[in-house]
Amino acid sequence: MKEYTLPFDCNGYLLSGTLHLPDANDPPVVVGSHGLYSSSQSPKQITLANRCAESGIAFFRFDHRGCGASQGDIRKDTTLHLRCVDLLQAVETLKKEGLSCSRLGLFGSSFGGVVCMSVAKELSARALVINAAPVKSGRILNYLEESDPTKPKTSILFKKTLRFDLTYLLNDLHHILIFHGDADNLV
């Protein structure tokens, strides 16, 4: 198994990524998309990446623009559309690295799950694993506004730019595993 840093350009931003490669030819590939305020360094992403590689599956975890080690400003550069662009470019980067991505899976946690659901059909993803991802933004936007009184500008900005409703694409999703805690009243 090899693990190495794989930075890539996405619309003029240098995004940081880490590729976990198993000792296998043409392995299946999973790309991880972290949550709104998270990064590719989350224990969940690292553990999943290592377990996948041990099982013969490549895993690419990366920081969306404005998060972790990637360039950008989370307050200005975070929209659902831009996060989707980041994920699509991550897959293109893997193809340039010689991975076929013909057996592509996506893993998304929270807002990362929203991103994965949004692009799954376009990427012809064969598998989708979603952790605590909402389908509509309503209650989450209210929570951001109420829970972060020290950053009202961030909440106001996110309330304008992170509005979504994915119910229109639910019928197009397949081979999906959703896991979610039963005590989560927000999502």
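The values are calculated or read from the model by the stated rules, or taken from the named source; none is laboratory data. Just so it is clear, the structure is predicted and the values come from calculations on it, not from any experiment. Note that each Cβ is placed from the backbone with ideal geometry, even for glycine, and that neighbours are counted across all protein chains shown. Just so you know, the surface numbers come from the protein's heavy atoms only, side chains and all, with ligands and any DNA or RNA stripped out. Shrake-Rupley method; radii C 1.70, N 1.55, O 1.52, S 1.80 Å.
Within the range 57-86, take every residue that is closer than 24 Å to Leu128 by Cα and either of a type in the set (Lys, Arg) or over 15 Å from the mean Cα position of the chain (by Cα) (or both) and give me the one that is most open to solvent (accessible area, probe 1.4 Å).
By that ranking, first place goes to Ile57.
Checking the structure you have, find out if any residue of the range 87-106 is closer than 20 Å to Arg163 by Cβ and either surrounded by fewer than 23 Cβ atoms within 10 Å (Cβ to Cβ) or of a type outside the set (A, V, I, L, M) (or both).
Taking the range 87-106 as the starting set, the residues that turn out to be closer than 20 Å to Arg163 by Cβ are 87.
Still in the list and also either surrounded by fewer than 23 Cβ atoms within 10 Å (Cβ to Cβ) or of a type outside the set (A, V, I, L, M) (or both): none.
Checked against the condition, which is being closer than 20 Å to Arg163 by Cβ and either surrounded by fewer than 23 Cβ atoms within 10 Å (Cβ to Cβ) or of a type outside the set (A, V, I, L, M) (or both), the range 87-106 yields no hits at all.
Does the range 24-56 hold any residues that are modelled with pLDDT of 95 or more, open to solvent by 50 Å² or more (accessible area, probe 1.4 Å) and more than 17 Å from the chain's Cα centre (by Cα), and which are they?
Those that are modelled with pLDDT of 95 or more, open to solvent by 50 Å² or more (accessible area, probe 1.4 Å) and more than 17 Å from the chain's Cα centre (by Cα): Arg51, Glu54, Ser55.
Restricting the search to the range 105-136, which residues are assigned to a loop (DSSP other than H, G, I, E, B), hydroxyl-bearing (Ser, Thr, Tyr) and within 11 Å of the chain's Cα centre (by Cα)?
Keep residues of the range 105-136 that are assigned to a loop (DSSP other than H, G, I, E, B), which gives 110, 120-126, 132-135.
Next, from what is left, pick out any that are hydroxyl-bearing (Ser, Thr, Tyr): 110, 124.
Ser110 - this is the single residue of the range 105-136 that is assigned to a loop (DSSP other than H, G, I, E, B), hydroxyl-bearing (Ser, Thr, Tyr) and within 11 Å of the chain's Cα centre (by Cα).
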